[in-house]
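Input: a single structure, listed below in structure tokens.
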Amino acid sequence: MNFLEERILKDGIVKPNNVLKVDSFLNHQMDISLMEEIGREFHRRFGDKNITKVLTIEASGIGIACFVAREFGVPMVFAKKSHSINIDSEVYTAEVESFTHKNKNNIIVSRKFLNQDDHILIIDDFLANGCALQGLIAISKAAGASVEGIGIVIEKGFQIGGQVIRNLGIQLESLAIIDAMDSDTGSITFREQ
């Protein structure tokens, strides 16, 4: 069992409808030591790639992606879920559906922050159905950038997202893959990696 699986078992809460609450250490309150370890682990897994940017989606991916970007010594860019007056009019867009929030968003990234010379590492906290990742991949492709890999903190292996992304031929590394959760017992079954 790895450091993240141990932490999920210790502090994660399994809720009905396949929801795992990890807000006490990952995506609301953040354990900085854990974030540093996550950053180091993604660097270990993708360190052989020529990463020039780390890309994520707001909001939960931002903190994690910052620690990963620091390990690579590159900028972190995040896709915004709404357009504001301080964003350039030249943007890349994609529509994504959120498993957690049960809604669709048009995500945007300013064209000045991604280009054809970029080698992207996409980072996110969860992978369920893969919609957010597909949107980030589409934005990267629209910019002419190459997606070198995808790092996920927690993958719900019982949902289709992991298979969909792996079928694209992109290196996908998940620090913890959950094969089953039971909200009645609170049990979590991790996939052997």
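Convert each backbone phi in the stretch 40-50 into a coupling constant with the Karplus relation 6.51 cos²θ - 1.76 cosθ + 1.60 (shift: θ = phi - 60°), then list the ³J(HN,Hα) values in order as whole Hz, x for Gly and Pro.
Values per residue, Gly and Pro as x: 5, 5, 5, 5, 4, 7, 10, x, 7, 8, 8 Hz.
Which percentage, to the nearest 5, of the DSSP beta bridges contained in the stretch 139-193 is antiparallel? Kindly include the intermediate steps, with their values, before the conclusion.
Working: 4 of 10 bridges.
Looking only at bridges with both residues in the stretch 139-193, the antiparallel portion is about 40 percent.
Summing Lys, Arg as +1 and Asp, Glu as -1, what charge do residues with Cβ under 13 Å from the Cβ of Gly12 carry, Gly12 excluded?
Values: positive: Arg7, Lys10, Lys15, Lys21, Lys156; negative: Glu5, Glu6, Asp11, Asp23, Asp31, Asp125, Asp182.
Neighbourhood net charge equals -2.
Calculate the spin-label point distance for Ile160 paired with Ser110, positioning each point 7 Å from the Cα along the beta-carbon direction, and give it in nanometres.
For Ser110 paired with Ile160, the spin-label model returns 3.6 nm.
Restricting to DSSP H runs of at least four residues, report the calculated mean residue ellipticity at 222 nm for the chain, -39500 (n - 2.57) per run over all residues, nearest 500 deg cm²/dmol. The partial results should precede the final answer.
Numbers: 5 runs with 55 residues, N = 193.
Only helices count here, giving -8500 deg cm²/dmol.
Summarise the accessible area of the stretch 1-136 (1.4 Å probe, protein heavy atoms) by the percent that is carbon and sulfur.
Values: 3210 of 6980 Å².
Taking all protein chains in place, the stretch 1-136 shows 46 percent carbon and sulfur surface.
How much accessible area does Ser33 have with a 1.4 Å probe, in Å² rounded to the nearest 10?
80 Å²
Quick one: go through the stretch 1-21 and flag any residue whose amide nitrogen is under 20 Å from the point 7 Å out along the Cα-to-Cβ line of Asp182.
6, 8-21
Residues of the chain: accessible area per residue at 1.4 Å, in Å²? Please report the intermediate quantities before stating the final value.
Working: 9480 Å² over 193 residues.
Ligands and nucleic acids excluded, the figure is 49 Å² per residue.
Could you grab the relative contact order for the stretch 1-133? Cα pairs under 8 Å, six or more apart, rounded to a whole percent.
Working: 183 pairs, mean separation 30.0, N = 133.
Normalised by residue count, the contact order of the stretch 1-133 is 23 percent.
Give the accessible area for Lys10 in Å² (nearest 10); use a 1.4 Å probe, count only protein heavy atoms, and leave out ligands, DNA and RNA.
Counting only protein heavy atoms, the figure is 150 Å².
Largest first, how would Ser110, Ser24 line up by accessible area (1.4 Å probe)? Don't jump to the answer; show the numbers that get you there.
Working: Ser110 10, Ser24 50 Å².
Largest to smallest exposure gives the sequence Ser24, Ser110.
Run through the DSSP bridge list for the stretch 90-193 and note the antiparallel percent, rounded to the nearest 5. Can you show the working numbers first?
Numbers: 12 of 26 bridges.
For the stretch 90-193, the DSSP antiparallel bridge percentage is about 45.
Counting only DSSP beta bridges with both residues in the chain, tell me the antiparallel percent, nearest 5. Mind dumping the intermediate values first?
Working: 16 of 37 bridges.
Of those bridges, close to 45 percent are antiparallel.
Can you tell me how much longer the chain between Met30 and Gln171 gets when fully stretched, taken as 0.36 nm per residue apart minus their C-alpha distance, in nm with one decimal?
Details: separation 141, 0.36 × 141 = 50.76 nm, distance 2.64 nm.
That pair, Met30 and Gln171, stretches by 48.1 nm at full extension.
The values are calculated or read from the model by the stated rules, or taken from the named source; none is laboratory data. This is a predicted model, so every value here is computed, not measured. Using ideal geometry, Cβ is built from the backbone for each residue, glycine included, and neighbour counts are taken over all protein chains shown. Heavy atoms of the whole protein, side chains included, go into the accessibility calculation; ligands, DNA and RNA do not. Shrake-Rupley method; radii C 1.70, N 1.55, O 1.52, S 1.80 Å.
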